[in-house]
Amino acid sequence: MAKKSMYSTSVLPVVEYFKTHPLPHQGPPMLYQSLQELDHSRLPDVIEGVSCREDMFCEEVLRGARINTNITKEQEHNADVMLGLLFMMVGGVDEAHDLVLPYSLPFDSEWGAPAILDSPALGNATYSHALVHRTEGKHVGELGMVGWDNCKSWFNETPQDHVMFGRFADAAEKLCKEEQLEGSDLAVVQDCKKGKTWMWESLTDLFTKSGQSAGLNDLADKLHNMEISMLFQHCNSVVNLL
C-alpha cells in the first residue's frame with residue numbers, strides 16, 4: 001500500500017517555500033479588504049496554485065470521499081482555516097483574516113463570508129485570528145486597536161484547553177534554551193514568563209519587547225514561524241485525517 005501523503009500537491013510547494021522564506025513577526029499594516037478586493041499578485045508566485053479549500057485536501061482523501069465516505073463539516077471548516085494559514089505563510093495576512101473570520105466572529109463582517117456559528121473549527125479559527133493580529137503587532141487596526149491588544153482578545157476567545165497551547169509551550173521552552181540567551185535578553189524573557197511556562201500572554205508580551213535588541217527580534221521571528229507551522233500541521237491533521 002502506498003504511503004499516505006502528508007500534504008496535497010497544491011500545498012506542498014508553499015510549505016517548502018515557507019521553510020526557506022521565514023516571516024518577520026512584525027508585519028506591515030493590514031489592508032482590511034475583502035478577498036475579492038485584495039490584489040493577490042502582491043504575494044509570491046508560489047501561492048498561485050492555491051485558490052480554495054479543496055486544494056487543502058490530499059488526493060487520497062478526495063478520492064476516498066468520492067468512493068465511499070463524506071468530507072465532514074469539521075474537515076471542510078478546518079480546510080478554510082488551513083487555507084488562511086497557508087496564505088499567512090507567504091505574507092497574506094489579510095487573506096488569512098478574511099478566511100478565518102466566518103468561523104471565529106459570531107456575526108457577519110464586511111470582509112469575510114457570513115458567520116458560521118458553533119463551527120467545529122472554532123478553536124483553530126480563533127487561534128489563527130489571534131496570530132493574524134499578533135502579526136499586525138504595533139500597528140493600529142480594526143476597532144482602533146493595536147494589533148497586539150487585538151491578538152490578546154482573540155487568544156482569550158480560544159478554548160483554553162486547545163491542544164496547541166501545551167504543544168507550543170513545550171516547543172517554545174526548548175527553542176529558548178537552544179538560543180542560550182544572556183544578559184538583558186535573558187532578563188526580558190524571564191520577566192515575560194514570570195517564572196511560569198510559556199503561554200500566549202507571555203509570548204505576546206515578548207513580541208511587544210522584541211525591538212529592544214537584535215537577539216530578541218530574532219527569537220520572536222523564530223517563535224512566530226514555529227507557531228504558524230505547528231498550527232498549520234495541526235489543522236492539516238484534521239483535514240487529511242493524519
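The table below gives the values:
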read-out	value
Tabulated pairs, region 39-57, first over 15 Å from Phe232 (Cα atoms) and in a loop (DSSP other than H, G, I, E, B), second open to solvent by 50 Å² or more (accessible area, probe 1.4 Å) and not polar (S, T, N, Q), C-beta under 7 angstrom, 6+ apart or interchain	Pro44/Tyr17
Output for region 99-126, where each listed residue is buried (at least 24 other Cβ atoms within 10 Å of the Cβ), farther than 22 Å from Leu242 by Cα and touching a residue at least 40 places away in the same chain (Cβ under 8 Å)	Leu99, Ser104
Test: residue in region 148-167 that is in contact with an Asp or Glu (Cβ under 7 Å, 6 or more places away or on another chain), part of a helix (DSSP H, G or I) and of a type in the set (Gly, Ala, Ser)	no
Restricting region 150-172 to residues that are more than 18 Å from Val100 (Cα to Cα) and open to solvent by 50 Å² or more (accessible area, probe 1.4 Å), the residue that is modelled with the lowest pLDDT	Gln160
Close pairs from region 13-33: first β-branched (Val, Ile, Thr), partner part of a loop (DSSP other than H, G, I, E, B) and open to solvent by less than 30 Å² (accessible area, probe 1.4 Å), Cβ under 9 Å, at least 6 apart	Val14/Val50; Val14/Val90
Candidates Asn225, Asn236, Asn217 - the one that is modelled with pLDDT of 95 or more and in contact with a Gly (Cβ under 7 Å, 6 or more places away or on another chain)	Asn217
Members of region 98-135 found to be within 16 Å of Leu83 (Cβ to Cβ) and of a type in the set (Asp, Glu), listed by number	Asp98
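Matching residues to (1) open to solvent by 20 Å² or more (accessible area, probe 1.4 Å); (2) under 22 Å from Thr158 (Cβ atoms); (3) small (Gly, Ala, Ser); (4) touching a Cys at 6+ places or on another chain (Cβ under 9 Å):
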site	(1), (2), (3), (4)
Glu182	yes, no, no, no
Ala187	yes, no, yes, no
Thr197	yes, yes, no, no
Asp221	yes, no, no, no
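The values are calculated or read from the model by the stated rules, or taken from the named source; none is laboratory data. Values in this document were obtained by computation on a predicted structure and should not be read as measured data. With ideal geometry, Cβ positions are generated from the backbone for all residues, glycine too; neighbour counts draw on all protein chains shown. SASA here: full protein model, heavy atoms, side chains in, ligands and nucleic acids out. Shrake-Rupley method; radii C 1.70, N 1.55, O 1.52, S 1.80 Å.
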